[in-house]
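Here's the structure we're looking at; comments come further down.
Rule-based calculations on the coordinates, nothing more; no lab input. Nothing here was measured: the structure is a model prediction, and the numbers come from that model. FYI the Cβ positions are ideal-geometry reconstructions off the backbone, even for glycines, and counts take in every protein chain you see.
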Amino acid sequence: MCARSGDEAAEAWDKIITSLARVYFALQTGSRNSKFSQTWYQKRVFERRNDPLLLYMWIARNAEEHGLNLTTSRTLAVGSTGNQITIKKMEIVDGNIVTLDAETPDGQNVVVQEGLYLAPVEDKKGKTVQPPTAHLGKPLPDCSLATAAGLAIDYVTEMVADAATLV
């Protein structure tokens, strides 16, 4: 399902970060009866604490669940291939651009890109955590919800598959 609005995307984001936390909880519960499984699970917790994306997702989930702050921000980027843009008129309804009248001195195209991006989150101790720039040692292409969610879902999918081999 594709989100049709910023509100739908933010709602999907909330579901994703909550679901990721539930996976960790289920794996923790499942690892209690085996020393080997406990060691495996602790390695995954260590990864979560030390990987910028996984840590961010965990703190974002706590922030959302406990009402500390929002983890997404709407960003509107307006740009052109030139250096200057004159916006004569812009109308935004329900967070969506419905009218844009803009020009550049050199007649270049004006590109409008709107999206939801990760925002700084605050952990339980009041420390601000910035959106991640890397995951598993590789730089992230951007700070969009889609990128963060996709990478986190891929990671958790692999983690669950790995856990299944322990049974």
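For the listed peptides 123-129, 150-156, 54-60, a ranking on the average number of other beta carbons within 10 Å per residue, highest first, reads 54-60, 150-156, 123-129.
Can you list which of the trypsin sites (Lys or Arg not before Pro) found in the range 5-44 are DSSP loop residues with at most 11 other C-beta atoms within 10 Å? Passing both the DSSP loop test and the Cβ count: ARG32.
In this label model, PHE36 and ASP162 are separated by 1.6 nm, measuring between points 7 Å along each Cα→Cβ vector.
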